[in-house]
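Asks: Before anything else, here's the structure in question.
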Amino acid sequence: MAQEWKTKSILIVAVIILLIVSSIQFYEHRHYKMPIVAGPGVTKVMRLSEYSPGLKGTMADTDVFFLEGKEKGGTALIIANTHSNEPAALLTALVFLENAVIDQGTMIIIPQFNHSGSRNTKPGDGYPLFFEIPTDWGSKKFRMGNRNAAPLDQWPDPDVYIHYPDRQLLSYLDVRNTNRTWPGRPDGPLMERVTYGAMQIMKEEKVDVALDIHGAETMFPVTNCIVAPEKSMRIATMTSLTVKAREGFDNHVEPSPSGFRGLSHREIGDYSDTMPFLLEAPLPFLDQPTGPKTVDLLLDGKDPFLLSLSKKRKLFVPYDETGWPMSKRVGQHCSVGLEILRQFSQKFPEKAIKVRNVPRYAEVVKNGVGHYYHNPKEADPSRVFLN
Amino acid sequence: MPIIMICYYIIGAYLAALLIWNFIREKKSVDTMLQYLMVLIPLILRLLRIR
């Protein structure tokens, strides 16, 4: 009896230590605030809850940055971290946010769209909690997030997610996936309120172009591409051809399937006047047959198993010993985003959106992503936003 | 708090009580004792509402 309770006591103490250590790590991750330095183009910052009041006071509420040009023109919306485990999106949005100057029109940027998703991770898959990007002044620390919102913020999940308003049956997990809950509703589950907020921005601010930035597995056919519905197809095709000819990288066009509901490139096009584009860059970290999910794999995309599969032609993107470094992915997103805006401005000159001071592919690859981030310690505190 | 959440907390507390009871009743297997405690962790965190 005494031996039994001695063993049990040791086990209880060991599990309590484990509980405390892991709780502290998860708590620090969930509550870490990443500084964003508002660049010269940022004119005002709002909260998504101002467009979707059901988000007020929740972990899903997030900052919305406005960059307004002096000359009137069209309006573009950039949405990043729809899936917070695809961090090239956030890094690209920050390159725009911290550097862009708008000469004509308006740019709206939501850098952490699924704010709740950025505050949980996948410990079961061995995901890192944080990653750091080297900059000219040190390193910038980011939270590594998850594809779906945290169950701490939206729970319980249904057995099956019934999409609103089409009533298509989707996976239960998709109720927390902000790329399945479009167009959303003001009083639905939390993630539907997030997408509803973005739809309201598009309607109230008369957004012409919406870019939803993602990353996808190299073994998934919808990668390294622009996904576009019918009404965005011409501009997407012109963009794809132009970046290939001028900048030398592939970024093919995929049609948005009309029968698959809840996706941004489908619902934004169907439920608003905005032209949506979903940008995908390869993300080897998400592939299943890789080595450990380390920060190195996340940032440089080098993996021996993917290299072996590439030699057997099992990947949908070119892949060699150089992997798919973050600078390449962010550079592609920057160039494709800028080219979409340029093509749109050429087609609709009265609604032109003219952006400068944002690097293109070759510059980001040469200088690295961190070169374009500013030191929050040296910035005017009123221009630093903790997110 | 919606009724469904209250139900989930009650279910969570019930499962936690079952695990504790089984942990107390287990006499020999250290592996089984450890498993009860490990499974208990997320339930405890949920009941304590640690976020």
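Asks: Name the single residue that is farthest from the chain's Cα centre (by Cα) among those in the range A:129-168 being surrounded by fewer than 17 Cβ atoms within 10 Å (Cβ to Cβ) and among the small types (Gly, Ala, Ser).
Replies: If we take residues in the range A:129-168 being surrounded by fewer than 17 Cβ atoms within 10 Å (Cβ to Cβ) and among the small types (Gly, Ala, Ser), then A:Gly138 is farthest from the chain's Cα centre (by Cα).
Asks: May I ask you to list the residues in the range A:272-326 that are among the charged types (D, E, K, R) and either within 23 Å of the chain's Cα centre (by Cα) or under 27 Å from A:Ile133 (Cα atoms) (or both)? Reasoning before the result, please.
Replies: Of the range A:272-326, the ones among the charged types (D, E, K, R) are A:273, A:280, A:287, A:293, A:296, A:300, A:302-303, A:311-314, A:320-321.
Answer for the range A:272-326, where residues must be among the charged types (D, E, K, R) and either within 23 Å of the chain's Cα centre (by Cα) or under 27 Å from A:Ile133 (Cα atoms) (or both): A:Asp273, A:Glu280, A:Asp287, A:Lys293, A:Asp296, A:Asp300, A:Lys302, A:Asp303, A:Asp320, A:Glu321.
Asks: Out of the strands (runs of 3 or more DSSP E) lying entirely within the range A:1-116, which hold 2 or more residues that are away from chain B (no Cβ under 12 Å), touching a residue at least 24 places away in the same chain (Cβ under 8 Å) and touching a helix residue (DSSP H, G or I) at 6+ places or on another chain (Cβ under 9 Å)?
Replies: On the way: elements: A:35-37, A:42-47, A:63-68, A:71-79, A:101-110.
Fully inside the range A:1-116 and qualifying: A:35-37, A:63-68, A:71-79, A:101-110.
Asks: Let me ask something else about it. Can you pull out the residues in the range A:182-235 that are surrounded by fewer than 20 Cβ atoms within 10 Å (Cβ to Cβ) and among the charged types (D, E, K, R)?
Replies: A:Arg185, A:Asp187, A:Lys203, A:Glu204, A:Glu205, A:Lys206, A:Glu230, A:Lys231, A:Arg234
Asks: Can you tell me which residue among B:Ile44, B:Ile4 is out of contact with any Phe, Trp or Tyr (no Cβ under 8 Å at 6 or more places or on another chain), within 8 Å of chain A (Cβ to nearest Cβ) and surrounded by 11 or more Cβ atoms within 10 Å (Cβ to Cβ)?
Replies: Values: B:Ile4 fails: surrounded by 11 or more Cβ atoms within 10 Å (Cβ to Cβ).
Only one candidate qualifies: B:Ile44.
Asks: Can you pull out the residues in the range B:24-37 that are facing another protein chain (nearest Cβ under 7 Å) and in a helix (DSSP H, G or I)?
Replies: Step one: filter the range B:24-37 for residues facing another protein chain (nearest Cβ under 7 Å), giving B:27, B:30, B:33-34, B:37.
The answer is B:Val30, B:Met33, B:Leu34, B:Leu37.
Asks: When you go through B:Tyr14, B:Tyr9 one by one, which is the residue that is more than 9 Å from chain A (Cβ to nearest Cβ) and either surrounded by 12 or more Cβ atoms within 10 Å (Cβ to Cβ) or under 17 Å from A:Ser22 (Cβ atoms) (or both)? Let's see the steps before the verdict.
Replies: Numbers: B:Tyr14 fails: either surrounded by 12 or more Cβ atoms within 10 Å (Cβ to Cβ) or under 17 Å from A:Ser22 (Cβ atoms) (or both).
Going through B:Tyr14, B:Tyr9 in turn, just one is more than 9 Å from chain A (Cβ to nearest Cβ) and either surrounded by 12 or more Cβ atoms within 10 Å (Cβ to Cβ) or under 17 Å from A:Ser22 (Cβ atoms) (or both): B:Tyr9.
Asks: From A:Gly370, A:Gly331, which residue is out of contact with any Lys or Arg (no Cβ under 6 Å at 6 or more places or on another chain), more than 23 Å from A:Asp103 (Cβ to Cβ) and small (Gly, Ala, Ser)? Steps first, answer last, please.
Replies: Working: A:Gly331 fails: more than 23 Å from A:Asp103 (Cβ to Cβ).
Just a single option satisfies the conditions, and that option is A:Gly370.
Asks: If you check A:Gly323, A:Gly269, A:Gly291, A:Gly259, which single one turns out to be within 21 Å of A:Val336 (Cα to Cα), small (Gly, Ala, Ser) and either part of a loop (DSSP other than H, G, I, E, B) or modelled with pLDDT under 95 (or both)?
Replies: Among A:Gly323, A:Gly269, A:Gly291, A:Gly259, only A:Gly323 is within 21 Å of A:Val336 (Cα to Cα), small (Gly, Ala, Ser) and either part of a loop (DSSP other than H, G, I, E, B) or modelled with pLDDT under 95 (or both).
Asks: For the range A:106-134, give me the residue count where each residue is touching a His at 6+ places or on another chain (Cβ under 7 Å) and among the hydroxyl-bearing types (Ser, Thr, Tyr).
Replies: 1
The values are calculated or read from the model by the stated rules, or taken from the named source; none is laboratory data. Keep in mind it's a predicted model, so treat the numbers as computed, not measured. Glycine also receives a Cβ, built like all others from the backbone with ideal geometry; neighbour counts cover every protein chain displayed.
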